[in-house]
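Please read the structure below before turning to the comments.
The values are calculated or read from the model by the stated rules, or taken from the named source; none is laboratory data. Remember, predicted model here, so these are calculated numbers, not experimental data. Counting neighbours? That spans all protein chains shown, and the Cβs are built from the backbone with ideal geometry, glycine included. What goes into the accessible areas is simple: the full protein's heavy atoms, side chains included, and nothing from ligands, DNA or RNA. Shrake-Rupley method; radii C 1.70, N 1.55, O 1.52, S 1.80 Å.
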Amino acid sequence: MANILVVEDEPALLELLSSIISEMNHKVTQANNGKKALEVLAREKPHLIISDIMMPFMDGYQLLSEIKQRPEWSNIKVVLISASPINHSRLPHPDAYASKPYDLEIIEAVVKRFTNLAF
């Protein structure tokens, strides 16, 4: 079982992603923005972070940058998700991108891909 942090500001989508991942028998930790995600990271180290890009307070790109700058977090896999066009030129690059609306099969494949690497 992997520990997966889901970062999403829309409550219904946060619950949907969390439910999908829980049904895959993984532990889910939730945050509704990037700043709260950093608070979670200060307490525990997830195997994977799945984060929306467009959020208040700190967007997904800013969160990714914070994670990759810190040696203790830099090896955590990060997947960014957005309903808007994704800027693939932004650095640092996430480990994967996904689009909204969520495709259940893609979410499951991404989770399996990165949680299999963790064990």
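A few points about this structure:
- Any chance S22 is among the small types (G, A, S) and either modelled with pLDDT under 95 or open to solvent by less than 30 Å² (accessible area, probe 1.4 Å) (or both): no
- A single entry from S99, S82 fulfils the requirement of being of a type in the set (S, T, Y), closer than 20 Å to L13 by Cα, free of Cβ contacts under 8 Å to residues at least 24 places away in the same chain and touching a helix residue (DSSP H, G or I) at 6+ places or on another chain (Cβ under 9 Å): S99.
- Selection of region 19-47 for residues being closer than 22 Å to I107 by Cα and touching a residue at least 40 places away in the same chain (Cβ under 8 Å) yields I20, I21, M24, H26, K45, P46, H47.
- Strands (runs of 3 or more DSSP E) fully within region 1-103 counting 3 or more residues that are within 14 Å of F114 (Cβ to Cβ): 3-7, 48-52, 77-82, 96-99
- Selection within region 104-119 - among the small types (G, A, S) and either modelled with pLDDT of 80 or more or not in a helix (DSSP H, G or I) (or both): A109
- Complete set of residues in region 25-46 that are within 10 Å of the chain's Cα centre (by Cα) and open to solvent by 50 Å² or more (accessible area, probe 1.4 Å): Q30
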